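Reading through the structure tokens given below for one structure.
Bear in mind these aren't lab numbers, they're just calculated from the coordinates by the rules spelled out. Note that the coordinates shown come from a computational prediction; the quantities given were computed from them, not determined experimentally. Backbone-built Cβ (ideal geometry, glycine too); neighbour counts: all protein chains shown.
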């Protein structure tokens, strides 16, 4: 997998759900190669535009950029905790933080359209609230049991397993799947 510069949001979305993709905005977590792809407000806004949370035109953020990034990181940690725990059948401590961010976003929310869609007046709420509410929707759906964590220790990205038999093991076959298969093949050759 080709990784973008740390200043850029990753375009490699494999989670199958906006909240999982948001949780996956750290590559090589826990290694010396770790990269945070939403470390700045411009990177976060770019990610949100690509995810369809805000419009390309007119969605400018004129608030406290450091605070927005800090809140995004809190939300990302809450989602990771919640869905890591859900993947193994636990509740997760991140649920309270997730709910608090979702509640806060309702201050600028409105329902519009038919069928009704939740939209937000404030850019920060459109990003953070949109992701938080999407995560809550996933937590309450029958797809929750399909949320998995990529197996390699240097990845651990979350993804929604949409295979018929629920056998998906990696976030992406082209990246982690191939690396795992090559490593397995090398181990077999050395042992054989």
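Before moving on, here are some points about what is shown:
- Segments 75-83, 158-166, 23-31 sorted - mean Cβ within 10 Å per residue, highest first: 75-83, 23-31, 158-166
- Prolate/oblate/rounded label for region 18-191 (Cα gyration tensor, a/c 1.5): prolate
- Added length on full extension, which subtracts the Cα-Cα distance from 0.36 nm per residue, residue 34 to residue 77: 14.0 nm
- R0 of 30 Å, Cβ-Cβ distance residue 112-residue 66: FRET efficiency to nearest 0.05: 0.45
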